[in-house]
Amino acid sequence: MHIDSTYHIPISSFKGCFFGLALGDALCADYEGGILERGLWKLISRTREGRRRYTDDTQMSLDLASSLLERGGIDQDHLAMRFATSYRWSRGYGTGAAKILKRIRGGAPWQEVNCSIYPQGSYGNGAAMRSPIVALYYHHDPEQINTAVERVSEITHAHPLAIEGAKLISHSVSIALNKLGFEELYQELLLLSKLEIYQKRLAIAKEWIDNKEWIDNKEEIDSKRVVKELGNGIAAADSCVTAIYIAYAFIDLPFMDMLKFIQKCSGDTDTIAAMAGAIWGAYNGIEGLPQEEIAQLESTKEIEQYAVELYGLGV
Ligand code: AR6
Ligand code: MG
């Protein structure tokens, strides 16, 4: 990555990334899936203290941050057990991921269960949604990101599509932390991307960002077109490029406008918003996020503390 070594990443970018992820997740969870899922989430979307609850995206990101900090790096067995002990059905985990985590909690080694539901492992976006934390941990040494993402992902998501999606998201966060634009991001992701579906979708995103028609003409971005060409599903291939595109399309616009657009796209709204939120927050810093919404979120002290500790590693 061609990073300007004179640029000093502020702590605000770390907080922005972690809070952007959690806010995107919590504020878009109401909009995920069909009527039943939305109805159920409305019932449990607040904690007893009235705080806004987040879902598995933020939970796994907190688990990853705590394990990395505690172990001083990636300890896959420790991380697998941390993911498994935090598992609660009420956080809305994917069905395959839920089964894997329950088996790990029951004592099965992660290496034996990560391909027990699907022979090649899960291609869901569950690895990508936590991958921003890898970028924060390795911000002083981005060359480590690819291998680190592979090791963090394969515990629950061994499929190449899930791993490549997670790498794209992690590198996007890294680029955004360094305040670089979409052109630099695209060049970086192009070098990294091996699978055709990602290459195709990245090229579409690039064309749309280059054209910027919706801004010049004051037109809205067409959500139907985004869904049709980039996807809005739970598969990593149907959501990672979508999140990257949306984050950069809205990079100079308000965070809540971005979330409203993601809600309009429907589908896996919370995870697309978590990934886009992490990228947007890394670029714009915590000052850009709606403070009144942060004040209502659960576990804000924990998120803040992890962001500060992750930042401290590179200073
Ligand atoms: N073959 C067929 N279907 C698959 C495969 C595969 N190899 N991999 C995944 N699926 P999962 P996640 C389908 O369970 O990625 C939550 O809301 C299958 O239908 O690994 O951790 C999160 O917040 C499976 O149930 O979950 C995310 O938004 C589904 O993809 C989302 O769910 C999800 O894979 C995915 O979370
Ligand atoms: Mg989700």
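The values are calculated or read from the model by the stated rules, or taken from the named source; none is laboratory data. Predicted model only: the values in this text are computed from it and were never measured. Heads up, the Cβs are rebuilt from the backbone with ideal geometry, glycines too, and the neighbour counts pull from every protein chain shown. Surface areas here come from the heavy atoms of the whole protein model, side chains and all, with no ligands, DNA or RNA. Shrake-Rupley method; radii C 1.70, N 1.55, O 1.52, S 1.80 Å.
At-a-glance table
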quantity	calculated
Principal axis box of the range 43-126, alpha-carbon based, largest edge first, Å	40, 31, 23
Backbone HN-Hα couplings from phi across the range 119-135 [Karplus 6.51/-1.76/1.60, Hz, Gly and Pro as x]	x, 9, x, 7, 9, x, 8, x, 7, 5, 5, 9, 5, x, 5, 5, 5
Peptides 174-182, 41-49, 204-212 ordered by average Cβ neighbours within 10 Å, highest first	174-182, 204-212, 41-49
Cα-based radius of gyration of the range 94-208 once divided by 2.2 N^0.38 Å, which approximates compact folds	1.13
Label-point gap, in nm, between T95 and L43 - each point 7 angstrom along Cα→Cβ	1.9 nm
Per residue Cα convex hull volume in Å³ - calculated over the range 221-315	113 Å³
Mean Kyte hydropathy of 0.0 or more with a Cα span along the axis of at least 24 Å, helices from DSSP in the chain	11-28, 160-177
Gaussian network model of the chain, Cα within-10 Å springs - most flexible of L27, L189, L168	L189
Average accessible surface area per residue within the chain, 1.4 Å rolling probe, Å²	43 Å²
Sequence-separation-based contact order of the chain, relative, with Cα cut under 8 Å and 6+ spacing, percent	33 percent
Cβ-derived FRET efficiency at R0 22 Å, E143 paired with R71, nearest 0.05	0.60
Translational diffusion coefficient (Stokes-Einstein; Kirkwood radius from C-alpha pairs) of the range 51-99 at 20 °C, 1.002 mPa s, in µm²/s	190 µm²/s
Solvent exposure ordering (accessible area, 1.4 Å, most first) of C115, C240	C115, C240
Pairwise FRET efficiency - D210 versus T85, Cβ, R0 = 45 Å, nearest 0.05	0.45
The range 249-315: relative contact order as a whole-number percent, Cα under 8 Å and 6+ apart	30 percent
Net charge of Cβ neighbours under 11 Å - reference T300; Lys, Arg +1; Asp, Glu -1	0
Label-point gap, in nm, between M256 and H78 - each point 7 angstrom along Cα→Cβ	4.1 nm
P(r) of the range 122-269 over all Cα-Cα pairs, binned every 10 Å from zero, in whole percent	12, 44, 36, 8, 0
Full-stretch length increase - K179, E304 - with 0.36 nm per residue and alpha-carbon distance subtracted	42.9 nm
Pairs of Cα atoms farther than 26 Å apart, the chain, %	39 percent
Compactness of the range 1-99, expressed as Rg and Dmax over alpha-carbon positions, Å	16.4, 51
Hydrodynamic radius of the range 81-158 per Kirkwood, over alpha carbon pairs, in Å	13.0 Å
With every protein chain in place, the chain: carbon and sulfur % of accessible area (1.4 Å)	51 percent
Highest to lowest packing among 116-127, 96-107, scored as the average C-beta count within 10 Å	116-127, 96-107
Protection-proxy order for peptides 147-160, 285-298, each taking the mean of Cβ atoms within 10 Å per residue, highest first	147-160, 285-298
Potential extension, E292-K102 segment - 0.36 nm per residue separation minus Cα distance	64.8 nm
Cα-only Debye scattering, the range 156-235: base-10 log of I(q)/I(0) at q = 0.17, 0.20, 0.23 Å⁻¹	-0.78, -1.04, -1.25
Separation in nanometres of the label points that stand 7 Å from Cα toward Cβ, at E112 and L190	4.7 nm
